[in-house]
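Remarks on the structure that follows.
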Amino acid sequence: MPVAELAGRQVHVNEEGFLTEFDEWDKELAKVLATNIGIEMTDEHWKLIEWLREDFKAQGETATTRRLQTAGGFAVKDQFSLFPKKPGKKMSYIAGLPKPHGCV
Amino acid sequence: MTATAIAPTIVPNFDDDSNEGRKIAFICSKGNLDMAYPALILANAALGEGIETHIFFTFWGFDMIMKNRMNDLQFSPAGNAAMHLPIGDIHLPQSLAPMPGMTAMATKMLKKQIADLDIPEVPDFLDQIVAAGGHLWACQLSADMNSVSEADLREDMDGIINASDFIEMTNGAQVIFI
């Protein structure tokens, strides 16, 4: 796994640039990741990202758009407006998690 | 100790230009429960990739969008040679498939399998697709044949359009018939 320098520290990433170590993530790093893909974090963004991390800790996999709505209460429409075009991938990148695996 | 090589920062290319202008359209022509899902799953995935997505409902596919039918789609094992019994992985004999109660039982089983995977029921799934920016269209000819008007359909349909409209709208799109 490559090591990349982000937010002034070295972190493990995969070939696409997604963090591979859950514990190497913090909010400061997330801000840099968000900036990398053109997203400015607001309270709404943070709520969703933090929920994703909590859910990953409990479930062992990244929640899909569907699960974010049914289990997390984040409307699909809001997910698309906060993380335009590719919400699933953008959210997981910023949250330092793997891309969602599920189809729905 | 070996020095670790530091890779240049890799940033995923989420707004891939190759998707710019990409369009995808599904034609849903079936009203069986099992045939309703392929388009919904793929349309949902396409929207999640930032692709403009349309679904056109025609013929039996109208059952997916008609208010009085959309909650009651059924799955029949009749004519489906790939139908296996839940125990022993043996074929369900086709002579048994049309027996009374078989469709109800098969529908119940399929619905349970779908729900176990947290895949929504058809109307909910279409809600999600619309929330993600998908477009739903109904076929004019099918509506005329069945004396169906907009009032009979989901409220969030983009419209009832004819074949020419569909062809015009899907200029440059990938079209998938189901």
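Mind ranking B:Leu141, B:Leu110, B:Leu85 by accessible surface for me, highest first, 1.4 Å probe?
B:Leu141, B:Leu85, B:Leu110
Kindly report the accessible area of chain A per residue (heavy atoms of protein chains, probe 1.4 Å, no ligands, DNA or RNA), in Å².
Here the per-residue accessible area is 49 Å².
What FRET efficiency comes out for A:Asp78 versus B:Asn71 if R0 is 30 angstrom and r is the Cβ-Cβ distance? Round to the nearest 0.05.
Plugging the Cβ-Cβ distance into 1/(1 + (r/R0)^6) gives 0.70.
How much FRET efficiency would the formula 1/(1 + (r/R0)^6) give for B:Lys111 and A:Thr42, where r is the Cβ-Cβ distance and R0 is 41 Å, rounded to 0.05?
Once the sixth-power term is evaluated, E becomes 0.55.
Using a probe of 1.4 angstrom, how much of the accessible area of segment B:73-118 is carbon and sulfur, in percent?
68
Hey, which of these cross-link pairs are over 31 Å Cα-Cα: A:Lys57/B:Lys30; A:Lys89/B:Lys111; A:Lys47/B:Lys111; A:Lys47/A:Lys85; A:Lys31/A:Lys77?
From the list (A:Lys57/B:Lys30; A:Lys89/B:Lys111; A:Lys47/B:Lys111; A:Lys47/A:Lys85; A:Lys31/A:Lys77), the Cα-Cα distance tops 31 Å for A:Lys57/B:Lys30; A:Lys47/B:Lys111.
Return the distance in nm (one decimal) between the two label points of a simple spin-label model at A:Glu24 and B:Leu141, each offset 7 Å from Cα along Cα→Cβ.
Those two pseudo-labels are separated by 5.7 nm.
Probe of 1.4 angstrom, ligands and nucleic acids ignored: what's the accessible area per residue over segment B:73-118, in square angstrom?
It amounts to 68 Å² per residue over segment B:73-118.
Would you list which aspartates and glutamates come within 16 Å of B:Lys67, measuring only between C-alpha atoms, while excluding same-chain residues fewer than 8 positions from it?
B:Glu121, B:Asp124, B:Asp127, B:Glu150, B:Asp152, B:Glu155, B:Asp156, B:Asp158
With each label point set 7 Å from Cα along the Cα-Cβ vector, what nm distance links B:Asn13 and B:His91?
If labels sit at B:Asn13 and B:His91, their model points lie 4.9 nm apart.
Could you tell me how far the Cα centroid of segment B:14-71 sits from the Cα centroid of segment A:16-36, in Å?
34
Is segment B:73-118 best put as rounded, prolate or oblate by its Cα gyration tensor, with a ≥ b ≥ c the root eigenvalues, rounded for a/c under 1.5, and otherwise prolate when a/b is larger than b/c, oblate when not?
oblate
Can you compute the charge dipole magnitude of chain B about its Cα centre, using +1 on each Lys and Arg Cβ and -1 on each Asp and Glu Cβ, nothing else charged? Give it in debye, rounded to the nearest 20.
Computed charge dipole of chain B: roughly 700 debye.
Which order do you get for B:Val175, A:Val3 if you rank them by accessible area with a 1.4 Å probe, largest at the top?
Highest to lowest solvent-accessible surface, that is B:Val175, A:Val3.
From Cα pairs below 8 angstrom and at least 6 apart in sequence, can you work out the relative contact order of chain A, rounded to a whole percent?
Normalised by residue count, the contact order of chain A is 28 percent.
Once you order the gyration tensor axes a ≥ b ≥ c over the Cα atoms, which shape class does segment A:26-95 get: rounded for a/c under 1.5, otherwise prolate or oblate by comparing a/b with b/c?
Oblate is the answer for segment A:26-95, as a/c is 1.5 or above yet b/c matches or exceeds a/b.
Would you mind getting me the FRET efficiency between B:Glu155 and A:Arg9? Use the beta-carbon distance for r and R0 = 30 Å, nearest 0.05.
Step by step, r from the Cβ atoms, then E = 0.05.
Which value, in debye to the nearest 20, gives the size of the charge dipole of the protein assembly as shown about its Cα centre, when Lys and Arg are +1 and Asp and Glu are -1 at the Cβ?
The calculated dipole for the protein assembly as shown is roughly 540 debye.
Compare the Cα positions of B:Gly101, B:Gln74, B:Cys28 along the charge dipole of chain B (+1 at Cβ of Lys, Arg; -1 at Cβ of Asp, Glu; about the Cα centre) and return the one farthest towards the positive end.
Farthest towards the positive end: B:Gly101.
What is the spin-label model distance, in nm, from B:Asp124 to A:Lys57 if the labels are put 7 Å beyond Cα along the C-beta direction?
It is 2.7 nm.
Quick check for you: with a 1.4 Å probe and neighbouring chains kept, what is the accessible area per residue of segment B:123-178, in Å²?
Roughly 52 Å² per residue, with all protein chains present.
For the A and B pair, go ahead and give the buried accessible area with a 1.4 Å probe, both sides summed, in Å² to 100.
For chain A against chain B, roughly 2400 Å² becomes buried.
The values are calculated or read from the model by the stated rules, or taken from the named source; none is laboratory data. No experiment lies behind these values; they were computed from the predicted model shown. Here the Cβ is made from the backbone with ideal geometry for all residues, glycine too, and neighbour counts use every protein chain on show. Please note that ligands, DNA and RNA were not included when accessible areas were found on the heavy atoms of the full protein model with its side chains. Shrake-Rupley method; radii C 1.70, N 1.55, O 1.52, S 1.80 Å.
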